[in-house]
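Worksheet: the structure to be examined is printed underneath.
We did not get these values from a lab; they are worked out from the coordinates using the rules stated. Keep in mind the model is a prediction, meaning the values are calculated, not measured. Cβ sites come from the backbone with ideal geometry, for glycine too, and all protein chains shown count toward neighbours.
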Amino acid sequence: MQSVVDDKITAQLAGSPVFIHSLKAFLSTGLIGRIVITYRDEQQLIKIQSLIATHLPTPTPISFVAGGESRQDSVLAALKTCEGHVGLVHIHDGARPLVSGEAIQKVRAKAAETGAAILAGRSADTVKIAKTDSSSVATSPDRGLVWTAETPQVFRTAIVLKAYHKVAGLQRKVTDDSSAVEFVGQDVSLVENPSVNLKLTRPADFVLAEAILKTR
């Protein structure tokens, strides 16, 4: 992505910075009492704060926390500011600007019921599991059982804090928040996303995301 934009989180998309689209979606639900944003470095922090002041005047408290070397480290840094919180925490990737208020409310409602829920999509493709020592196929799981994890992922705060402290203590690597929560034995509910929730990964994703936003 660096060949197109210096920072995909603060890059412009359909008239607003990428991360602002997500913040507006969360705030539109009326359910968010506090926001915690992790940042890469001081330069990014200054830019994020400036963009929020310009695009999103809001009385909702916003905290800023220095991120870590990995997504996992950054999430834990943010969660540590939530120690003692009783309720639900929503964890969302800044690179998913298409999340809708409807989807947020849907996954939150399930998490309130079960303690842990993630937004996800049913796989439209057949998935192949490769052999550990080569790129040849080891197995082909039933596509009807395959889901792709998205964000937000919503948990009771005590549950996800316990999970992240556990995996950090064991130096176990996880690629999403539900993987940490599953590791401590908590069931995680899958909530099918009713709308497109593209993650900006390749330059072409910006073109697609902008086209989708213009239809809403």
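So for the chain, taking the charge dipole from beta-carbon charges (+1 Lys/Arg, -1 Asp/Glu), which of LEU23, HIS92, GLY33 sits furthest toward the positive end?
GLY33
What is the distance, in nm, between label points placed 7 Å from the Cα along the Cα-to-Cβ direction at HIS55 and at ILE129?
Reported label-point gap for HIS55 and ILE129 is 4.0 nm.
When the helix-only estimate is applied to the chain (DSSP H runs of n ≥ 4, each -39,500 (n - 2.57), divided by the residue count), what is the mean residue ellipticity at 222 nm, nearest 500 deg cm²/dmol?
-11500 deg cm²/dmol
Enumerate the aspartates and glutamates that LYS110 could reach by cross-link, defined here as Cα to Cα under 20 Å, with residues fewer than 8 away along the same chain left out.
The reachable aspartates and glutamates, counting only those whose Cα sits under 20 Å from LYS110, are ASP93, GLU102, GLU150, ASP176, ASP177, GLU182, ASP187, GLU192.
For ARG40, what charge total do you get from the other residues with a beta carbon under 15 Å from its beta carbon, if Lys and Arg give +1 and Asp and Glu give -1?
Charge balance near ARG40 sits at -4.
May I ask you to order 152-159, 6-13 by the average number of other C-beta atoms within 10 Å around their residues, highest value first?
So the order, starting with the most tightly packed, is 152-159, 6-13.
Test of understanding: in a Gaussian network model of the chain with alpha carbons linked when under 10 Å, which of VAL184, VAL137, VAL174 would top the mean-square fluctuation ranking?
Of VAL184, VAL137, VAL174, the Gaussian network model singles out VAL137 as fluctuating most.
Please report the net charge: other residues with Cβ closer than 10 Å to the Cβ of VAL89, K and R +1, D and E -1.
+1
Tell me, which longest segment in the chain has none of the GluC sites (Glu not before Pro) that fall in DSSP loops with at most 11 further Cβ atoms within 10 Å? Walk me through the intermediate numbers first.
On the way: sites that count: GLU69, GLU83.
Maximal segment without exposed cleavage sites: 84-216.
May I ask for the net charge around ALA124, where only other residues with Cβ less than 15 Å from the Cβ of ALA124 are counted and Lys, Arg are +1 while Asp, Glu are -1?
Net charge in that neighbourhood comes out at -1.
Where is the GNM fluctuation largest for the chain (alpha-carbon springs, 10 angstrom cutoff): ALA109, ALA120, ALA130?
For the chain, modelled as a Gaussian network with Cα springs under 10 Å, the answer is ALA130.
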